[in-house]
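First up is the structure itself, then whatever we jot down about it.
The values are calculated or read from the model by the stated rules, or taken from the named source; none is laboratory data. What you see is a predicted model; the values in this text were computed from it and never measured. Here the Cβ positions follow ideal geometry from the backbone for every residue, glycine too, while neighbour counts run over all protein chains shown.
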Amino acid sequence: MRCCIGITCSWQEAESRHALRDDYVKAVSYAGGMPLLIPTLPAEAAGDIYRLCDGLIFSGGDDLDPFFFGEEPQVSLGEINPLRDLFELALAKLALAGTKPVLAICRGIQVVNVAAGGGLYQDLKGFTGAQHNQKAPRWYPTHEVRLKESSKLSGFLGKKTIRVNSFHHQGINRLGEDLTAAGKSRDGLIEALETADPQKWLIGVQWHPECSREKDADSARIFQFFVDEVKRRKD
């Protein structure tokens, strides 16, 4: 029986609709997992969802409300989604405390970092002039990420640098508790993080490997190693 991989969905409040790009579903299925789409639920449902899944993917989406990392909103803050924030932060705190494998993507890396007590740049324009919201096809890698040699990410990819796609205007400015930077772009922005606990498997990436998986072997390997780890721990 395939392992159950829960994937968080976006919540479109104006349309009263849950949504997720099919790229996530295909990436998990191709790697041998069973994707389970997780709707935005009341925060108290996070425990039931965590127990149901063998592994979790926190997907991309809207900006996080800066209230959750102790700041007032700046004029350049994008659209926020308070119901999704509340649910996913509750789920991320359980994931950080637990041992089930976690893959956090784009907004997801930010959710995990804030759940661990970290902070974000509300808008990267105040940090860098580099383009982190690319004007290119979603599958196309537009900038370099330098990986920490001792990181899990560098270990299973067998590389010190990779090229990635990029669709974000927020980013990590302060790491949460027990998290380490696994990769940075040339401007110094944290592009990947991992848990410092050697007994756990948690990796966050600021890019979108689900969009580039079919054309980029490194992107496919990220999902394969994640699903393989979920299977190993389940067995």
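Points worth noting:
- Taken together, L77, L103 contain a single residue that is modelled with pLDDT of 95 or more and of a type in the set (A, V, I, L, M), which is L103.
- Residues being touching a strand residue (DSSP E or B) at 6+ places or on another chain (Cβ under 8 Å), of a type in the set (F, W, Y) and in contact (Cβ under 8 Å) with a residue 60 or more places away in the chain - total across the range 20-52: 1
- Residue count, the range 1-34 (criterion: among the hydrophobic types (A, V, I, L, M, F, W, C), modelled with pLDDT under 95 and within 20 Å of F223 (Cα to Cα)): 1
- Among the residues of the range 210-219, just one is within 11 Å of L157 (Cβ to Cβ) and under 15 Å from the mean Cα position of the chain (by Cα), namely S219.
- Matching strands (runs of 3 or more DSSP E) fully within the range 1-58 where at least 3 residues are more than 12 Å from R84 (Cβ to Cβ): 4-8, 34-38, 55-58
- Taking every residue in the range 209-235 that is touching a residue at least 24 places away in the same chain (Cβ under 8 Å) and closer than 12 Å to P101 by Cβ and pairing it with any residue that is among the β-branched types (V, I, T) and assigned to a helix (DSSP H, G or I), at least 6 positions away or on another chain, the pairs with Cβ-Cβ distances below 9 Å are F223/V28; F226/V28; V227/V28.
- Assessment of the range 122-141 against the conditions (modelled with pLDDT of 95 or more, over 15 Å from the mean Cα position of the chain (by Cα) and within 17 Å of I80 (Cβ to Cβ)) yields at least one matching residue.
- A Cβ distance below 7 Å, combined with a sequence gap of six or more or placement on separate chains, defines the contacts here; from the range 95-120, residues that are within 21 Å of E229 (Cβ to Cβ) and surrounded by fewer than 20 Cβ atoms within 10 Å (Cβ to Cβ) reach residues that are hydroxyl-bearing (S, T, Y) and at pLDDT 95 or above in the pairs G98/Y50.
- The residue that is nearest to H18 (Cα to Cα), among those in the range 59-86 that are hydrophobic (A, V, I, L, M, F, W, C) and touching a strand residue (DSSP E or B) at 6+ places or on another chain (Cβ under 8 Å), is L83.
- Residues being surrounded by 18 or more Cβ atoms within 10 Å (Cβ to Cβ) and without any contact (Cβ under 8 Å) to a residue 60 or more places away in the chain - total across the range 1-19: 3
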